[in-house]
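The structure appears right after this line, and notes come after that.
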Amino acid sequence: MRFLYRLALYLAAPLISGVFLWRGLRDRSYWRNFSERFGFGARLAPQGVWLHAVSVGEVQACAPLVSALQRRHPQLPLTVTTFTPTGAARARALFGGVAQVRYVPYDLPGAVRRFFTRVQPRLAVVFETELWPNLYRECGRRRVPLVLASARLSARSVSRYRLLGRLFRDTVSQTAAVGAQGAADAERFQALGADPASTHVTGNLKFDFELPPDIAARGARLRELYARTRPLWVAGSTHGEGEEQALLEAHRRVRQRQPQALLVLAPRHPLRFAEVAQQLAQAGVRYLRRSQPADAAAAAACEVLLLDSLGELLDWYAAADVAFVGGSLVPIGGHNLLEPAALGVPILTGPHNFNSEEIARLLIARDAAEMVHDAAELSARLTALLADPEARARMGAQGRASVEANRGALAKLLALIEPLLAGA
């Protein structure tokens with residue numbers, strides 16, 4: 001089975017590389033440090049902690065742990081790897097000089113060996129659901145303790161992994177500790193081969209993030225600039241496949257009752273900014289791009305502000321009356337509901353939240369979020385909430401309380417990591 005897995009990787013790697021190189025024609029970030037995907041790159045300070053966070057959401061989740069390690073062990077080298085250019089950009093923005101940022105290599109044996117030779121970690125921490133047989137095996141071969149943090153595993157994933165026989169059972173058995181998000185996740189990792197004695201329920205590290213101290217002021221500045229007296233709702237991390245069309249239809253209906261309402265539309269992927277701008281133009285929508293200067297008259301006249309910049313979504317959530325979190329009206333799996341919740345902003349989400357099912361269930365059960373299924377339901381709930389400040393305040397308070405009540409994963413995770421770090 002391992003032979004077939006390696007053969008599949010050798011066949012897939014040129015195809016994936018070709019896709020990245022093709023995308024680089026439009027977005028040069030796909031070309032940046034491309035050799036790192038094959039394990040090349042600069043040699044880093046050895047005997048540090050390597051943390052892997054596949055994309056933006058996981059990078060955001062690992063920020064509390066990076067900060068805690070830097071405070072506790074200021075001389076300890078930290079390396080954060082990611083797979084996507086947007087994840088790498090977010091990591092560089094978050095961690096600056098605190099951690100080295102590079103791409104994780106493809107799970108090819110040679111690429112993995114080159115990566116370990118250049119990084120030489122004393123401890124590895126992998127976030128959420130990344131299971132790579134060759135990467136994990138190299139950790140075992142080099143005696144690098146491996147911790148799975150905020151680990152989650154769906155029942156469907158367990159079934160798929162079991163079809164591959166011992167390959168993923170051997171992979172999971174390489175872990176020194178599993179810090180699972182919930183009891184069900186812990187049971188699934190044990191079913192796949194994790195040692196019950198080293199499998200713990202630590203909770204979801206995403207709850208432990210800290211809001212910037214000036215976030216309210218940043219939101220207020222945006223509100224003053226674009227929507228001082230206007231109802232404002234934000235649709236964050238949106239996708240194509242019909243989702244943005246549904247959001248625009250919902251906004252059209254909202255404006256029938258709230259003619260001054262402004263939608264801030266934030267596509268998930270920067271490569272789609274131009275596509276969404278074209279879509280807005282074809283629909284005859286008066287819109288502005290955040291990346292372009294606008295005077296007060298233009299801001300007042302626009303119906304939709306296209307958020308085609310990076311790193312500002314949190315600020316816009318802080319400015320919003322209501323937040324819709326995307327990737328949920330279409331089967332993408334949803335995105336981060338906790339940021340608007342922590343800001344006290346009422347949340348609307350579609351039915352597809354399988355990336356963070358427990359968080360979605362929690363917020364909906366606590367009346368901090370509501371589920372909508374289509375443009376009609378979305379517009380109805382938006383219209384009602386935009387007209388009811390008291391309802392918005394109640395939902396926002398429940399969101400804040402839900403986040404506060406579920407903090408604590410960081411301390412539990414550090415209790416697993418510190419002994420391994422000391423003994424490595």
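The values are calculated or read from the model by the stated rules, or taken from the named source; none is laboratory data. Since the structure is predicted, the reported quantities are computational estimates derived from the model, not experimental observations. Cβ coordinates were reconstructed from backbone atoms using ideal geometry, including for glycine residues, and neighbour counts include every protein chain displayed. Protein only, heavy atoms only, side chains kept; ligands, DNA and RNA dropped before computing areas. Shrake-Rupley method; radii C 1.70, N 1.55, O 1.52, S 1.80 Å.
Odds and ends about this structure:
- Restricting LEU382, LEU343, LEU378 to residues that are under 25 Å from GLU243 (Cα atoms), under 18 Å from the mean Cα position of the chain (by Cα), at pLDDT 95 or above and surrounded by 21 or more Cβ atoms within 10 Å (Cβ to Cβ) narrows the list to LEU343.
- So LEU280, is it open to solvent by less than 30 Å² (accessible area, probe 1.4 Å) and either over 23 Å from ARG394 (Cα atoms) or in contact (Cβ under 8 Å) with a residue 40 or more places away in the chain (or both): yes
- All positions within segment 101-158 that are open to solvent by 10 Å² or more (accessible area, probe 1.4 Å), of a type in the set (Gly, Ala, Ser) and not in a helix (DSSP H, G or I): SER154
- Flag for LEU413 being touching a strand residue (DSSP E or B) at 6+ places or on another chain (Cβ under 7 Å) and either open to solvent by 70 Å² or more (accessible area, probe 1.4 Å) or farther than 30 Å from GLN75 by Cβ (or both): no
- Members of segment 176-220 that are free of Cβ contacts under 8 Å to residues at least 24 places away in the same chain, of a type outside the set (Gly, Ala, Ser) and open to solvent by less than 60 Å² (accessible area, probe 1.4 Å): THR199
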